[in-house]
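Student: There's a structure below that I have some questions on.
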Amino acid sequence: MNPAPAAAGGLRRHADVNLAIGVFSALLIGGLWLYTVNKHEGEYRETVEAAFRQSSNLAVAYEEHIVRTLKGLDSALLFVRHEYRRIGRTLDIARYIGDGVVDGQLFSILSVVDEHGNIVSSSRHFEPTNYADREFFRVHQRGGGDVLYINRPVLGRVSGTWQVPMSRRISKADGSFGGVVVLSVDPGYFARFYQKADIGTRGLVTLVGLDGIARVRRVGSELSFDIDMSNSSLLRERAQLEYGQFRSLGGFDDIQRFIGYRTLREYPLIVAVGAAEPEVLHDFMRNRRRDFGMAALISLVIAGFAVLLMVTLRRQKRASEALANSEARFRGAFEQAAIGMAHTSMDRRFLQVNQRFCDMLGYDRGELMGKAATDFTHPEDRGSATRDRQRLLAGEADSLSAEKRYVRKDGSLLWVNRTVSLVRDADGQPLYFLRIVEDITERKRLENELRELAATDMLTGLPNRRAFITWLEEEHARIRRFPEQQAAVLMLDVDDFKRVNDTHGHPVGDVVLRHVAELIRGGIREVDACGRLGGEEFAVLLTGATPAAAAEFAERLRRGIAAAPASHGGLDIGVTVSIGVSALAKDDDGADAALLRADRALYRAKESGRNRVETDAGGVAA
C-alpha cells in the first residue's frame, strides 16, 4: 500500500476538522459579542430613556412650582395696585408686609411708580429714583393690556443686586397710563427649588422667556442670569413642540444633556431640566468596560481552546492530556463567569449550574441538580418559558432573550434577563438547553421607585394630580362602555389655609395638609381613589356612587374633618373644608368635565360661607 495517498487523505481530513473548529469558534465568539453588544445597546436605550423620564418628571414639578410662585407674586401686585387706586400716594406697602397681608418673603422690593417713572411708594426706604428708561415701564407705557410682565434680569437701582422685575400697568379712570406697580425677585429663587434634587454636579435647571432670554440658569451649583438663548437648541425644540424632551448639543459648556422641558400655559416662560450625559452614562460605561473585558476574556478562552484542539489533533499521542486541559479551561470559564449559567435537559431539569447561578437563587448546587427549572420560575412566567422552549425545538430561533422572574429560596423575587439557546449534536439532534442569566433585580426596583415617585405627591403621600387624572379618565372610559354604571367626583379645598400659613407658619400648614390627606384616605373605600391636585386642593373619585350618595359621603367627610383638629406641638388647629360634588357622566367630552363641574360647585361652597357641600350634577339625575 502506498502511504502517500493515505497521508494526503489524513491531511485533508485534518484540514477539514481544523476549518470546522475555526468556523465554530468564530461563530461562538461572534455570538458572544453579538449578545454582549445587543445587551449593552438595550441597556444604553434604557439608561437614556430613564434619564429623559427623570428630566421630564422634574420639569413638570418645576413648572408647577414656578406657576404657584408667579401666581403668588401677581396676587401681591394686584392687591397693591388696588390699594394705590383707592388711597393714592399715602399707600404704606411696608405696613401691609408687616401685617402679613402681603407675603414679603417672595420678593426683595415692591414699589409703585407714577406715570413719569418716579417711585412714589415702596416696601423699602428709597431715594428719589426714576424708572422711565426701564424696559417694563416702557412696555406698560405703550399699552399691551392688563397682563403680568416678566422682565429680563436687571441690576436693581434700589437693591443694588440682580433682580427679575415683574410688573402690572396702572390705568387712570379715563384709561390713560398712570404708572406701574413693580416687584423684584432674586433670580436665584427660581433655581433653588432643585438644590436638593439629584441632577448631578453638571445637571441643568433653567427658566427661559419666549423672548429667548434666560431669567436664571443653574448648572450644578453655579447660577447665571440674563443669558441670551435665542439660538439655543431648547428654543428650536420649543418652536416645534410646547413640551417634550431632547438631547442638547452642549453649546455653552460642550456638555451634552438629556433635557425635559415645559412651556408654561399662562406665562411666556419655558422651564427645562437636564441631566449631563457623562453623569447619566457613568455606571453604564463602567459596566460596559467590565462586560467587554469579560467577553474578551471568554473569547480568548474559546480561541485558545480551538487552537489547543487543533494542536491535539496533530498530536494524537497527547490527545487525552489535551482534552483534559481544554475541559479544565472550559469548566474554569463556566464556573468563574460573572453571570449565571446552567444546562437543562429536554424536560428542563438542571444538568449543570455554575456557582453564580446558585448564589443568585440562594440554593446549594445539590439542591438544584435534577430539579425542574419550572419549580423555581414565577407562576406567571411559566407560560412564556414553555413557548420559548417550543420555538427553540422547532428551530424558529437560535436563542431567545426575555426578562423573567425566579423565586429565591427565601421566597423573594429575582428578576433576570435570561438568554436560552438549544445545543445540538453534529447530527442536529437536541442535547440540552444553555441558559445565561443576568440579575436585573436592582434595575427593576429603581424603575418601580421612579414610577411611584412620578405618581406621588411628596408632601402628603397621596397620588398627585397626574395620577388622579389618569384614574378619572379610566373611570370615565368604563362608564362610557357601561352606561348603567355611575361614579362621582369630589373636589375639596381647605378653608382659610392662607391664614393657617400666615398665623402658624408653613411647617404647620404642611401638618394640616397631611392631616386632611389622612382623613380623606381613611374615609374612602378600596375601590375609590383620592389625590392632591395642588396647594390645598384635594379630589376624590367615588366608583359606583350616585350624586345623592356622593353628596351624603361628602357631608360625612366634611363633618369628620371639622370634628378632628390637626395637632402640632401641643396646639390643636381647627380645620374645615369646602366640597364640590359632581357626577361623572357618559356624555361628557372628557373626564375633566366632571372635575370642572365639581370645581364650580366648590367655588359656590366657598362663596356661600365655606365649610359646606355644594353639588353640580351636570344634568345627571340623582
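The values are calculated or read from the model by the stated rules, or taken from the named source; none is laboratory data. Note that the structure is predicted; figures quoted are calculated from it, not measured. With ideal geometry, Cβ positions are generated from the backbone for all residues, glycine too; neighbour counts draw on all protein chains shown. We work out accessible area using only protein heavy atoms, side chains counted, and drop any ligands, DNA or RNA first. Shrake-Rupley method; radii C 1.70, N 1.55, O 1.52, S 1.80 Å.
Student: Calculate, in nm to one decimal, what R329 and V147 gain on full extension: separation in residues at 0.36 nm each, minus their alpha carbon distance.
Tutor: Additional length available on full extension: 57.8 nm.
Student: Let me ask another. Based on alpha-carbon centroids, what's the gap between the stretch 422-497 and the stretch 529-591 in Å, whole number please?
Tutor: 25 Å
Student: Next up: Assuming 1.002 mPa s and 20 °C, estimate D for the stretch 497-622 with Stokes-Einstein, Rh taken as the Kirkwood radius over Cα pairs, in µm²/s.
Tutor: Roughly 141 µm²/s, to the nearest whole number.
Student: Right, next: Go through the stretch 337-353 residue by residue and turn each phi into a ³J(HN,Hα) via Karplus (6.51, -1.76, 1.60, θ = phi - 60°); whole Hz please, and just put x for glycine and proline.
Tutor: Those phi angles translate into 4, 7, 10, x, 9, 8, 10, 10, 6, 5, 9, 6, 8, 5, 9, 7, 9 Hz.
Student: Would you kindly find the accessible area of R152, with a 1.4 Å probe and non-protein molecules such as ligands, DNA and RNA excluded, rounding to the nearest 10 Å²?
Tutor: That residue has around 80 Å² of solvent-accessible surface.
Student: Over the heavy atoms of D226, what accessible area does a 1.4 Å probe trace out, to the nearest 10 Å²?
Tutor: We get 50 Å² for D226.
Student: Compute the distance from the alpha-carbon center of the stretch 119-184 to that of the stretch 198-212, in whole Å.
Tutor: 27 Å
Student: What angle do you read, to the nearest 10 degrees and between 0 and 90, between the alpha-carbon axis of helix 319-335 and the longest principal axis of the chain?
Tutor: Once rounded, the angle reads 10 degrees.
Student: Moving to a separate point now. Per residue, how much accessible area does the stretch 105-149 have with a 1.4 Å probe, in Å²? List each step's numbers first, then the result.
Tutor: Numbers: 2260 Å² over 45 residues.
Here the per-residue accessible area is 50 Å².
Student: Give, as ranges by residue number, the residues of the stretch 339-369 whose backbone N falls under 13 Å from the point 7 Å along Cα→Cβ of L393.
Tutor: In the stretch 339-369, the label zone of L393 (backbone N under 13 Å from the point 7 Å along Cα→Cβ) covers 345-349.
Student: Say each of N38 and K606 gets a label point 7 Å from the Cα, pointing the same way as Cα to Cβ; how far apart are those two points in nm?
Tutor: A separation of 5.8 nm, rounded to one decimal place.
Student: Please report, as a whole percent, how much of the solvent-accessible surface of the chain comes from carbon and sulfur atoms (probe radius 1.4 Å). Mind showing how you got there, number by number?
Tutor: Values: 16820 of 31640 Å².
Its accessible area is 53 percent carbon and sulfur atoms.
Student: I would also like to ask the following. Express in nm, to one decimal, how much length is gained between E49 and Q429 on full extension, taking 0.36 nm for each residue of separation and deducting their alpha carbon distance.
Tutor: That pair, E49 and Q429, stretches by 132.6 nm at full extension.
Student: If each DSSP helix of 4+ residues adds -39,500 (n - 2.57) and the sum is divided by the residues in the chain, what number results at 222 nm, nearest 500 deg cm²/dmol?
Tutor: -15000 deg cm²/dmol
Student: Give me the accessible area of L300, 1.4 Å probe, in Å² rounded to the nearest 10.
Tutor: Estimated to the nearest 10 Å², L300 gives 130 Å².
Student: Right, another one. Relative contact order for the stretch 200-322: what percent, with Cα pairs under 8 Å and sequence separation of 6 or more?
Tutor: Relative contact order here is 20 percent.
Student: Then there's this: Of Q485, G88, V420, whose Cα points farthest to the positive end of the dipole of the chain (charges on the beta-carbon: +1 Lys, Arg; -1 Asp, Glu; origin at the Cα centre)?
Tutor: V420
Student: For a 18 Å ceiling on Cα separation, which of these pairs sit above it: K586/K606; K71/K498; K39/K444; K39/K404?
Tutor: Cα-Cα > 18 Å for K586/K606; rest within.
Student: Give me the angle, in degrees from 0 to 90, between the Cα long axis of helix 592-607 and the longest principal axis of the Cα atoms of the chain, rounded to the nearest 10.
Tutor: With rounding to tens, the tilt is 30 degrees.
Student: With θ taken as phi - 60° and the coefficients 6.51, -1.76 and 1.60, list the Karplus ³J(HN,Hα) couplings across the stretch 68-83 in order, rounded to whole Hz; mark glycine and proline as x.
Tutor: Listing the rounded values in order: 4, 5, 5, 5, x, 5, 5, 4, 5, 4, 5, 5, 5, 4, 4, 5 Hz.
Student: Related question: Cα atoms only, the stretch 394-541: Rg and Dmax in Å?
Tutor: 25.0, 86
Student: In Å and whole numbers, how far do the C-alpha atoms of the chain stretch along each principal axis, longest first?
Tutor: The Cα atoms of the chain stretch 128, 60, 49 Å along the principal axes, largest first.
Student: Further question: Under a 1.4 Å probe, what is the accessible area of the stretch 470-540 per residue, stated in Å²?
Tutor: Here the residues of the stretch 470-540 average 48 Å² of exposed surface.
Student: With an 8 Å Cα cut-off and a minimum separation of 6 or more residues, compute the relative contact order for the stretch 467-620 in percent.
Tutor: Contact order relative to length: 31 percent.
Student: To continue, here is another question. Fully extended, how many nm does the chain gain between F252 and L446 (0.36 nm per residue separation, minus their Cα-Cα distance)?
Tutor: Taking F252 through L446 to full extension adds about 66.7 nm, to one decimal.
Student: For labels at E115 and R525 in the simple 7 Å Cα→Cβ model, what's the distance in nm?
Tutor: Taking the two extended label points, one gets 6.5 nm.
Student: Related question: In degrees from 0 to 90, rounded to the nearest 10, what is the angle of the helix 382-393 Cα long axis to the longest principal axis of the chain?
Tutor: For helix 382-393, the angle is close to 40 degrees.
Student: Rounded to the nearest 20 Debye, what is the dipole magnitude of the chain about its Cα centre when Lys and Arg each give +1 and Asp and Glu each give -1 at the C-beta?
Tutor: The dipole magnitude comes to about 1520 debye.
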